[in-house]
1. Going by what's in this entry, would residue 181 be described as touching a residue at least 24 places away in the same chain (Cβ under 8 Å) and at negative phi?
2. Please go through the stretch 77-97 and give me each residue that is under 23 Å from residue 18 (Cβ atoms) and either touching a strand residue (DSSP E or B) at 6+ places or on another chain (Cβ under 8 Å) or free of Cβ contacts under 8 Å to residues at least 40 places away in the same chain (or both), ordered by number.
3. Confirm whether residue 80 is loosely packed, with under 10 Cβ neighbours inside 10 Å, assigned to a helix (DSSP H, G or I) and assigned by TED's automatic domain parsing to the domain that holds residue 135.
4. Give just the number: which of (1) surrounded by 10 or more Cβ atoms within 10 Å (Cβ to Cβ); (2) near the ligand (Cβ under 10 Å from one of its atoms) does residue 216 not satisfy?
5. Could you list, in sequence order, the residues of the stretch 98-115 that are closer than 25 Å to residue 23 by Cβ and either in a loop (DSSP other than H, G, I, E, B) or modelled with pLDDT of 80 or more (or both)?
6. At negative phi, exposed (fewer than 12 other Cβ atoms within 10 Å of the Cβ) and modelled with pLDDT of 80 or more - does that describe any residue in the stretch 87-97?
7. May I ask you to list the residues in the stretch 19-49 that are within 16 Å of the ligand (Cβ to nearest atom), within 17 Å of residue 184 (Cβ to Cβ) and either assigned to a helix (DSSP H, G or I) or modelled with pLDDT under 95 (or both)?
8. Please determine, by comparing only the residues of the stretch 244-261 that are surrounded by 11 or more Cβ atoms within 10 Å (Cβ to Cβ) and within 16 Å of the ligand (Cβ to nearest atom), which one is nearest to the chain's Cα centre (by Cα).
Ligand SMILES: Cc1cc2nc3c(=O)[nH]c(=O)nc-3n(C[C@H](O)[C@H](O)[C@H](O)COP(=O)(O)OP(=O)(O)OC[C@H]3O[C@@H](n4cnc5c(N)ncnc54)[C@H](O)[C@@H]3O)c2cc1C
């Protein structure tokens with residue numbers, strides 16, 4: 001974030017989808033979002049620029065349906081069907097999938113997931129799924145857009161992720177007044193109230209291990225011991241801090257990967 005002449009410029013994120021997730025974070029600690037900042041719904045949510053026109057995505061779902069109907073006859077009603085399914089995936093996905101620690105695939109085999117395995121469209125590619133509902137190329141682009149935030153291509157990602165369309169177009173696009181940094185500040189305040197200590201400007205140079213267990217890190221040349229270490233930098237970089245024999249993937253693996261940003 002930089003400030004100039006009283007204006008605040010976010011250098012990274014500026015708005016967010018799925019406000020219920022952030023609300024739940026604050027609720028877990030006896031707070032609510034409004035204790036820290038005002039959350040402004042954006043209307044239009046954003047604009048999509050095509051070579052011949054710019055389409056503004058309205059906040060109101062009814063207006064969104066009208067927009068779809070204008071571009072393609074019957075698309076308004078099909079949007080309803082699409083979003084009903086997307087809502088189901090959002091409910092199951094957020095409750096049953098996203099919150100798992102990911103130690104094993106078996107964590108995802110919960111009764112709710114098994115019951116809805118076909119409804120979740122785990123095996124249909126997203127692009128083909130969208131094409132089942134809409135033929136207009138602008139509507140297809142609009143509906144494929146949300147999964148780009150996962151760093152994925154609509155061609156390859158499963159249609160389960162239409163949950164993103166529900167999280168974005170139905171739940172809306174929200175702007176923390178004062179800039180995204182207000183959210184960072186709020187989370188830091190909550191963490192500090194629980195005893196967390198923040199040390200910024202520290203470069204982690206190495207993750208130390210003993211008998212295949214992480215025991216600490218080297219920061220600015222100093223060895224520090226910890227019971228647990230959580231690495232939140234990207235996977236490739238985090239692994240590069242471990243001894244080469246303990247990495248899951250070698251240089252050869254990463255050379256073949258296309259790394260993309262995600263939200
Ligand atoms: C221009 C831009 C606009 C965006 N707009 C949006 C938006 O509007 N809404 C949205 O939801 N998302 C947006 N995103 C995406 C969002 O910023 C990212 O998804 C998010 O920041 C990822 O968070 P993270 O904690 O996983 O990783 P990061 O934010 O990358 O955090 C990782 C941190 O680890 C630190 N680090 C790495 N290696 C080390 C080391 N060895 N030692 C010490 N520290 C280390 C890094 O300095 C960094 O601070 C945007 C991104 C960009 C670039």
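1. So residue 181 passes the test.
2. Correct list: 80, 84, 88, 91, 92, 95, 96, 97.
3. Against the criterion (loosely packed, with under 10 Cβ neighbours inside 10 Å, assigned to a helix (DSSP H, G or I) and assigned by TED's automatic domain parsing to the domain that holds residue 135), residue 80 does not qualify.
4. (2)
5. 98, 99, 100, 101, 102, 110
6. There is no residue in the stretch 87-97 that is at negative phi, exposed (fewer than 12 other Cβ atoms within 10 Å of the Cβ) and modelled with pLDDT of 80 or more.
7. Hits for the stretch 19-49 are 19, 21, 22, 23, 25, 33.
8. In this case the residue turns out to be 254.
The values are calculated or read from the model by the stated rules, or taken from the named source; none is laboratory data. The model shown is predicted, which means the values in this text are computed figures rather than measured ones. In this analysis, Cβ positions are derived from the backbone assuming ideal geometry, glycine residues included, and neighbour counts consider all displayed protein chains.
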